[in-house]
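In what follows, a structure is listed as structure tokens, so that the remarks can point back to it.
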Amino acid sequence: MGRRILVLPGDYIGPEIMAEAVRVLETVNERFTLGLSLEHGLLGGAAIDEHGVPLPDATLQAARDADAILLGAVGGPKWDNVERHLRPERGLLGLRSQLELFGNLRPAILYPQLADASSLKPEVVAGLDILIVRELTGGIYFGEPRGIRTLENGERQGFNTYVYSESEIRRIGHLAFGLARQRDRRVCSVDKSNVLEVTVLWREVMEEVARDYPDVALSHMYVDNAAMQLVRAPKQFDVMVTGNMFGDILSDAAAMLTGSIGMLPSASLDKNGRGMYEPCHGSAPDIAGQGKANPLATILSVAMMLRYTLDEADAAAAIEQAVSDVLDQGLRTPDIAAAGQRAVSTRDMGAAVVAALRG
Ligand code: NAD
């Protein structure tokens, strides 16, 4: 039976970058006879304009029926004044929670050709390839009770609850160890177990999970040290696994090591490995409609989708190689072009990747 991919272009640059990613997906679909069928849907502002809500029932149903979802980006000033519960971003959050996408994968890869784009010295970051696995549906961002209360003395107090159950830790652990097996077989679990009991449990459960993966090396690091090591010597890491809040912060820091948000893909997976794939960046309203958007983050999201949900590692590797080839050819969209270097358009970059794929 053919596998179904739901394509959600979204808003502003979303449709521009998605058009190129779809061309790339169609090319590998044909070349590797993957038997994928593509279906398009509306999410975010585009859905608000058409149906009055950011996540229409038809989109949610199509997402449930799909093997994988490919998303562009949602949101932008056009919908700044809609009610809070109808904002475009709500569509995205709704999809993540409805589909229980608990595992967020954020690779930070720095193609050697772009080493100068990083704020760190090229020798520190050239060839960087780390994968941050962040728990996405639990931890302090969701813990109850939470709120702002007024104490008896009249002073206000804000409070949140940092909570993880054993099963939540175990499933993100298994995800990280499984992914490490497809890489360099090293997992660094990041916690704050010198201060926070919840992460004492986190560390214990990670040790338990590790027993199922004798071929994968587990190490532990406190989050403050991890932040320091990421900017000091990032290439020491292979897979980093951590909770929601620490992962939020560390994955943004790691992303910036690469210097170019237009290059970074991401995945959010459920317990069966099905998932949603999207670039790390937003809808970039400032450059929409000008052919300036870099489509490579979305194209690399297609590669992740092939590798992690569809089990098509060869097709994934072919896309990654094609991206490397076009960078070797010197093609750069404005965001990754060096000063004075001629830049190509979104469309030309997509076409070059397709041409590289066709060999
Ligand atoms: P952004 O990521 O859209 O843009 C930040 C900067 O990076 C801008 O200067 C933009 O031009 C540039 N940029 C982003 N993607 C690029 C690409 N592919 N090529 C070249 N340059 C690129 O973040 P923002 O400006 O804070 O947010 C804009 C809108 O996107 C907001 O409505 C926000 O809520 C939304 N957003 C959506 C998502 C998502 O859909 N997952 C994520 C983040 C932000």
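The values are calculated or read from the model by the stated rules, or taken from the named source; none is laboratory data. Nothing here was measured: the structure is a model prediction, and the numbers come from that model. Note: ideal-geometry Cβ built from the backbone for every residue, glycine included; neighbour counts use all protein chains shown. Quick note on the areas: whole protein, heavy atoms, side chains included, nothing else; ligands and nucleic acids left out. Shrake-Rupley method; radii C 1.70, N 1.55, O 1.52, S 1.80 Å.
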Electrostatic dipole magnitude of the chain [Cβ: Lys, Arg +1; Asp, Glu -1; Cα centre; debye, to 20]: 280 debye
Among ALA62, TYR12, VAL326 the positive-end extreme of the charge dipole of the chain (Cβ point charges): VAL326
Of all accessible heavy-atom area on region 129-257, the percent that carbon and sulfur account for (1.4 Å): 52 percent
Expected 222 nm ellipticity per residue - DSSP helices of 4 or more, -39500 (n - 2.57), all of the chain, to 500: -12500 deg cm²/dmol
Accessible surface, 1.4 Å probe, highest first, among residues LYS292, LYS192: LYS292, LYS192
Order of exposure, largest accessible area first, which applies to ARG342, ARG134 with probe 1.4 Å: ARG342, ARG134
Paramagnetic reach from GLN341 (point 7 Å along Cα→Cβ, amide N under 16 Å) across region 232-267: 258-264
Prolate/oblate/rounded call for region 1-151, Cα gyration tensor, a/c under 1.5 rounded: oblate
Karplus (6.51, -1.76, 1.60) ³J(HN,Hα), θ = phi - 60°, over region 287-303, in Hz, Gly and Pro reported as x: 10, 4, x, 10, x, 9, 5, 7, x, 5, 4, 6, 5, 5, 5, 4, 4
Mean-position separation - Cα centroids, region 288-359 and region 86-155, in angstrom: 24 Å
Whether region 132-202 is rounded, prolate or oblate, judged on the alpha carbon gyration tensor where a/c under 1.5 counts as rounded: prolate
Region 248-296: relative contact order as a whole-number percent, Cα under 8 Å and 6+ apart: 34 percent
Positive-end residue, the chain charge dipole about Cα centroid, Cβ charges, pick of VAL239, SER260, LEU42: SER260
With all protein chains modelled, accessible area of ILE130 [1.4 Å, Å²]: 0 Å²
Integer Hz, Karplus 6.51/-1.76/1.60 couplings in order for region 27-41, x for Gly and Pro: 5, 6, 4, 6, 5, 9, 6, 7, x, 8, 10, 9, 10, 9, x
Leading residue at positive end of dipole, region 129-257 (Cβ point charges), from VAL195, MET228, SER167: MET228
Loop GluC sites (Glu not before Pro), region 104-168 (other Cβ atoms within 10 Å of the site Cβ: 13 or fewer; DSSP): GLU152, GLU155
From phi via Karplus (6.51, -1.76, 1.60), per-residue ³J(HN,Hα) for region 212-228 in Hz, x at Gly/Pro: 7, 10, x, 8, 10, 8, 9, 10, 10, 8, 6, 5, 5, 5, 4, 4, 5
Net dipole in debye of region 250-322 [+1 Lys, Arg Cβ; -1 Asp, Glu Cβ; about Cα centre; nearest 20]: 80 debye
Residue-normalised accessible area of region 129-257, expressed per residue, 1.4 Å probe, Å²: 49 Å²
Accessible surface ranking that places the most exposed of SER119, SER324 first, with a 1.4 angstrom probe: SER119, SER324
Dipole magnitude of region 129-257 about its Cα centre (Cβ charges: Lys, Arg +1; Asp, Glu -1), debye to nearest 20: 300 debye
